[in-house]
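Undergrad: First, the structure itself, so that you have it in front of you.
The values are calculated or read from the model by the stated rules, or taken from the named source; none is laboratory data. Since the model is a prediction, treat every value here as computed from it, not as a measurement. No Cβ is skipped: glycine too gets one built from the backbone with ideal geometry, and neighbour counts run over all protein chains shown.
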Ligand code: SF4
């Protein structure tokens, strides 16, 4: 017994494309729902359901985080409008052949022409086509319905009419309808929109059924093209059976059979076809030991590897993997190109570029694209093409050349992976190890994600592996910037810089490619314990060059400004004999220090605190207390101010307070204070 399997069995181009789109969305982490079952095959729908793909009836059922896939049958215009209004994200998997019909009816009906549609008015594809008609339309499913239609509407004979067919319409019926229309409606423009995948499948089924004793048709019972295949076979072979899965096979069907033919609908997954063949082989083995499967299924798109598809394409095109195509249409997710020899090619957005791209603004009709053929179907006259793979091949040559020349390349950091980052440049994937990805080991790799970087190729490995270094470019740029800075700066220059880091003894400031240091004592006129009291990392501050040491490559910077010097402010605003309100800030055995203005403290000697004997300052004063005091002496050189409360209480003693005496009495205290400061600074250095 021979089992002959149709070459055309299995997914057609449009169904494969739609299913693939759903799988791609799922694997990219999207939550997906489809507007009706994606294909008329319950097993596949169940499989997708197990991956979380929901079937919805309308756009209103779509949840906020879901993307709605329009299946290959297509939908009417209003569905797009409703979805857009509801803010639903769409993935349009309408088969390009169906989309072409939408375009035809929309254009012709907008001119006021009557549209005739050959097909099943209840089929979703026909409902979708009707949804793009804006003028009068009629649907007929066979020649007699067409005759009745013309009889009831004789005006159709006289007015402009456009005729299209459902893509899966029976080829014979379509032929008859065309002959009739050409005779009766001489004005009719007939668009042959029947899909060649369908007609080829039906022709092959007819041929097989004419020579086989048993025909097995595999496919969904709700699939229109499967049912039509069954009809085609049943008219020629009485022993024809429609099954959805292998479990429905019955041994008795084959008891007297010599030749068994197997065909499958456009939405039948390859796995189910294989299972049917395998089961038939097993159950028929005892019946006929000589049984042989004389033809194997032509591999479907879903089964082919890229290499196999390419091999297949070599026979039908020029033998070249690369082709140049002319763009004939473009939408948000796909470009349609003419690559000659009657083959229409499709480039998905994913295959256009490694970067996310807005096809509508990037590509225009009539653009020429260099492409790689990934898969091709001679029977359907379609090809899946890739621009990014073409660019990657061309880009690889640039990468190799850049390794030899040391050229700096530009690219985008696409991913942070274990051990480094992945950069794409010239459409080629380049690995940058963590040690080569940033200027410093402390810099985060995560911050690089999505950024544009310059890098060099440092190694080319086997299997088109390229390794790059961002660090080498950063270091070079840093060195260049350093040289530029050193050549341009001079002591006294004022520069705006960015605080890069803080230590206990000062702040490091980037002044345009080179770091200088502001010592803690140069940050503020006030005494501070930590640089963070004045500046923070990332602050932009104005500094001036205090000193340069080109040999040691050290730059000392100043930050505090002369005009902010509290002694300058004090000198212009205060004089001896002024009575000032001061705040007690500290106490010693010989007196109390009081703040006159921030940065200038004066000493109230213990003898000047009160008009009586004071054993210790704490007996009369407390830290934080505000008191009135008279300035009795000022020594700007030594930065000393003497204060007295007592002279305010006993004006007559004012004369007795001799400047020399006061200054002498404060000297010990100041010396002690200066010494303490010096120790503090020395410790910090
Ligand atoms: S049968 Fe033809 S028109 Fe229909 S989905 Fe398949 S390829 Fe597209």
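Undergrad: Is there a residue being in a strand (DSSP E or B) and in contact with a strand residue (DSSP E or B) (Cβ under 6 Å, 6 or more places away or on another chain) anywhere in region 518-525? Walk me through it before giving the result.
TA: Narrowing region 518-525 to residues in a strand (DSSP E or B): 518-519.
Okay, now just the ones that are also in contact with a strand residue (DSSP E or B) (Cβ under 6 Å, 6 or more places away or on another chain), so 518-519.
Yes, the conditions are met somewhere in region 518-525.
Undergrad: Using beta carbons and a limit of 7 Å, which pairs, at least six apart or on different chains, have the first residue in region 190-201 and more than 10 Å from residue 166 (Cα to Cα) and assigned by TED's automatic domain parsing to the domain that holds residue 180 and the second one within 8 Å of the ligand (Cβ to nearest atom) and part of a strand (DSSP E or B)?
TA: Listed by first residue and then by second, the contacts come to nothing, as the list is empty.
Undergrad: Failed condition for residue 108, given (1) away from the ligand (no atom under 16 Å from the Cβ); (2) in contact with a strand residue (DSSP E or B) (Cβ under 8 Å, 6 or more places away or on another chain); (3) outside any loop (DSSP other than H, G, I, E, B); (4) farther than 21 Å from residue 192 by Cβ, with all others met?
TA: (4)
Undergrad: Tally up the residues in region 232-248 that are surrounded by fewer than 23 Cβ atoms within 10 Å (Cβ to Cβ) and within 16 Å of the ligand (Cβ to nearest atom), please.
TA: Qualifying residue count for the region: 0.
Undergrad: Of all residues being without any contact (Cβ under 8 Å) to a residue 60 or more places away in the chain and within 16 Å of the ligand (Cβ to nearest atom) in region 48-93, which is farthest from residue 22 (Cα to Cα)? Just the residue, please. Write out each step before concluding.
TA: So the first thing to find is which residues in region 48-93 are without any contact (Cβ under 8 Å) to a residue 60 or more places away in the chain, and the list is 48-90.
The next check asks that each one be within 16 Å of the ligand (Cβ to nearest atom); those that pass are 69-75.
Details: 69: 7, 70: 10, 71: 9, 72: 11, 73: 15, 74: 15, 75: 17 Å.
Per the stated criteria, the residue is 75.
Undergrad: Ok, one more. For the list (1) within 28 Å of the chain's Cα centre (by Cα); (2) within 24 Å of residue 135 (Cα to Cα); (3) surrounded by 20 or more Cβ atoms within 10 Å (Cβ to Cβ), I need the number of the one condition that residue 75 fails.
TA: Residue 75 satisfies all of (1) within 28 Å of the chain's Cα centre (by Cα); (2) within 24 Å of residue 135 (Cα to Cα); (3) surrounded by 20 or more Cβ atoms within 10 Å (Cβ to Cβ) except (1).
Undergrad: Sort out which residues of region 373-420 are under 14 Å from residue 431 (Cα atoms) and within 16 Å of the ligand (Cβ to nearest atom), and write them in order of number.
TA: Within region 373-420, none qualify.
Undergrad: Which of the residues spanning region 168-198 are within 16 Å of the ligand (Cβ to nearest atom), at pLDDT below 90 and not in a helix (DSSP H, G or I)?
TA: Hits for region 168-198 are 168, 169, 170, 192, 193, 194, 195.
Undergrad: Take region 249-286 and flag every residue that is under 18 Å from residue 234 (Cβ atoms), surrounded by fewer than 21 Cβ atoms within 10 Å (Cβ to Cβ) and touching a residue at least 60 places away in the same chain (Cβ under 8 Å).
TA: Within region 249-286, 257, 259 meet the criteria.
Undergrad: Could you tell me whether any residue of region 5-25 is within 16 Å of the ligand (Cβ to nearest atom), part of a strand (DSSP E or B) and either farther than 18 Å from residue 272 by Cα or modelled with pLDDT under 90 (or both)?
TA: Checked region 5-25: no residue is within 16 Å of the ligand (Cβ to nearest atom), part of a strand (DSSP E or B) and either farther than 18 Å from residue 272 by Cα or modelled with pLDDT under 90 (or both).
Undergrad: Also, I was wondering about something else. Out of curiosity, is residue 139 assigned to a strand (DSSP E or B) and within 16 Å of the ligand (Cβ to nearest atom)?
TA: Working: assigned to a strand (DSSP E or B): yes; within 16 Å of the ligand (Cβ to nearest atom): no.
No.
Undergrad: Filtering region 201-226 down to residues that are surrounded by fewer than 19 Cβ atoms within 10 Å (Cβ to Cβ) and closer than 30 Å to residue 102 by Cα, which residue is modelled with the lowest pLDDT? Write out each step before concluding.
TA: Here is the first cut: in region 201-226, the ones surrounded by fewer than 19 Cβ atoms within 10 Å (Cβ to Cβ) are 203, 206-207, 210-211, 213, 221-222.
Adding the requirement that they be closer than 30 Å to residue 102 by Cα leaves 203, 206, 221-222.
On the way: 203: 86, 206: 91, 221: 86, 222: 83.
Filtering region 201-226 for residues that are surrounded by fewer than 19 Cβ atoms within 10 Å (Cβ to Cβ) and closer than 30 Å to residue 102 by Cα, the one modelled with the lowest pLDDT comes out as 222.
Undergrad: Mind listing whichever residues of region 26-40 are assigned to a loop (DSSP other than H, G, I, E, B) and within 16 Å of the ligand (Cβ to nearest atom)? Quick ask: steps written out before the conclusion?
TA: To start, the set of residues in region 26-40 that are assigned to a loop (DSSP other than H, G, I, E, B) comprises 28-30, 36-40.
The answer is 36, 37, 38, 39, 40.
Undergrad: Take residue 43 and tell me if it is touching a helix residue (DSSP H, G or I) at 6+ places or on another chain (Cβ under 7 Å), away from the ligand (no atom under 15 Å from the Cβ) and either modelled with pLDDT of 90 or more or in a helix (DSSP H, G or I) (or both). Talk me through it step by step, then tell me what you get.
TA: Values: touching a helix residue (DSSP H, G or I) at 6+ places or on another chain (Cβ under 7 Å): yes; away from the ligand (no atom under 15 Å from the Cβ): yes; either modelled with pLDDT of 90 or more or in a helix (DSSP H, G or I) (or both): yes.
When the stated conditions are applied, residue 43 passes them.
Undergrad: For residue 201, indicate whether it is under 23 Å from residue 381 (Cβ atoms) and more than 14 Å from the ligand (Cβ to nearest atom).
TA: Values: under 23 Å from residue 381 (Cβ atoms): yes; more than 14 Å from the ligand (Cβ to nearest atom): no.
No; evaluated as a whole, the condition is false for this residue.
Undergrad: Strands (runs of 3 or more DSSP E) wholly in region 574-647 with at least 1 residues that are free of Cβ contacts under 8 Å to residues at least 40 places away in the same chain - which ones? Reasoning before the result, please.
TA: Details: elements: 579-588, 591-597, 600-605, 626-635, 640-644.
Output list reads 579-588, 591-597, 626-635, 640-644.
Undergrad: Looking at 441, 456, 414, 429 in this structure, which one is free of Cβ contacts under 8 Å to residues at least 24 places away in the same chain and either within 23 Å of residue 396 (Cβ to Cβ) or part of a loop (DSSP other than H, G, I, E, B) (or both)? Explain how you work it out, then say what you get.
TA: Details: 456 fails: free of Cβ contacts under 8 Å to residues at least 24 places away in the same chain; 414 fails: free of Cβ contacts under 8 Å to residues at least 24 places away in the same chain; 429 fails: free of Cβ contacts under 8 Å to residues at least 24 places away in the same chain.
Of the residues listed, the single one that is free of Cβ contacts under 8 Å to residues at least 24 places away in the same chain and either within 23 Å of residue 396 (Cβ to Cβ) or part of a loop (DSSP other than H, G, I, E, B) (or both) is 441.
Undergrad: Taking residue 192 as meeting all but one of (1) within 44 Å of the chain's Cα centre (by Cα); (2) over 30 Å from residue 6 (Cα atoms), write down the number of the exception.
TA: (2)
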